[in-house]
1. Considering only the range 118-138, I want to know if a residue exists there that is of a type in the set (G, A, S) and buried (at least 17 other Cβ atoms within 10 Å of the Cβ).
2. What's the number of the condition R114 fails, among (1) outside any strand (DSSP E or B); (2) crowded, with 16+ Cβ neighbours inside 10 Å?
3. Are there any pairs, at least 6 apart or on different chains, whose C-beta atoms fall under 7 Å, with the first in the range 32-51 and within 12 Å of A106 (Cα to Cα) and the second of a type in the set (S, T, N, Q) and part of a loop (DSSP other than H, G, I, E, B), and if so, which?
4. Between a residue in the range 108-121 that is closer than 13 Å to E42 by Cα and any residue that is in a helix (DSSP H, G or I) and of a type in the set (D, E), which pairs come within a Cβ distance under 9 Å, given they are 6 or more apart or on different chains?
5. Working carefully through the options V70, V87, V80, V15, find the one that is farther than 25 Å from P100 by Cα, surrounded by 17 or more Cβ atoms within 10 Å (Cβ to Cβ) and modelled with pLDDT of 95 or more.
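The values are calculated or read from the model by the stated rules, or taken from the named source; none is laboratory data. Values in this document were obtained by computation on a predicted structure and should not be read as measured data. Cβ coordinates were reconstructed from backbone atoms using ideal geometry, including for glycine residues, and neighbour counts include every protein chain displayed.
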Amino acid sequence: MPVERARPADHTGEVVAAAIIVDGRLLLAQRTRPPELAGQWELPGGKAEAGETADDALRRELREELGVEVSGGDRIGEDVPLPDGRVLRAYRVELVSGTPVALDHAELRWVDGRELGEIDLVGNDRGWVPDLRLHLKGW
Ligand code: DCP
């Protein structure tokens with residue numbers, strides 16, 4: 001089997017995160033890794049691959065992680081610079097088909113505005129709370 005060559009990591013890409021809001025509730029997903037983030041809740045998403053647009057990455061990540069098809073992609077909240085040089089961006093997306101299932105997370109939860117303020121969100125996503133709440137009920 002060929003040995004994979006060491007190569008410099010790509011630290012310039014985007015990490016996309018999806019705000020899926022239905023009936024005034026936001027879908028959150030509970031991380032299983034790495035250990036320092038396990039148990040915390042996030043907007044589902046992940047790293048865009050080389051050549052992918054943010055839309056492509058959102059569609060692929062949500063298919064892989066939740067088993068759903070989504071569309072849309074208006075930005076919500078501010079950019080979050082990550083320590084590795086990537087930038088984390090949230091996008092509002094609509095569910096096109098399927099019901100979200102935790103294929104890559106411990107659990108899923110739909111939260112209203114009050115619950116969003118109380119849940120243990122990953123630190124990077126906390127700055128988005130005020131913008132997200134504008135679209136949520138119950139706060
Ligand atoms: N991240 C975050 N908030 C989110 C989504 C991601 O802070 N709502 C952070 C966690 C990681 C980085 O972005 O530091 C990349 O996210 P993932 O580990 O979820 O990305 P992938 O799913 O692409 O990673 P892998 O498949 O390598 O596990």
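1. Within the range 118-138, not a single residue is of a type in the set (G, A, S) and buried (at least 17 other Cβ atoms within 10 Å of the Cβ).
2. Here R114 clears every test but (2).
3. A38/T32
4. Here the result reads R109/E115; V111/E118, each pair linking the range 108-121 to a residue that is in a helix (DSSP H, G or I) and of a type in the set (D, E).
5. Numbers: V70 fails: farther than 25 Å from P100 by Cα; V87 fails: surrounded by 17 or more Cβ atoms within 10 Å (Cβ to Cβ); V15 fails: farther than 25 Å from P100 by Cα.
Of V70, V87, V80, V15, the one residue that is farther than 25 Å from P100 by Cα, surrounded by 17 or more Cβ atoms within 10 Å (Cβ to Cβ) and modelled with pLDDT of 95 or more is V80.
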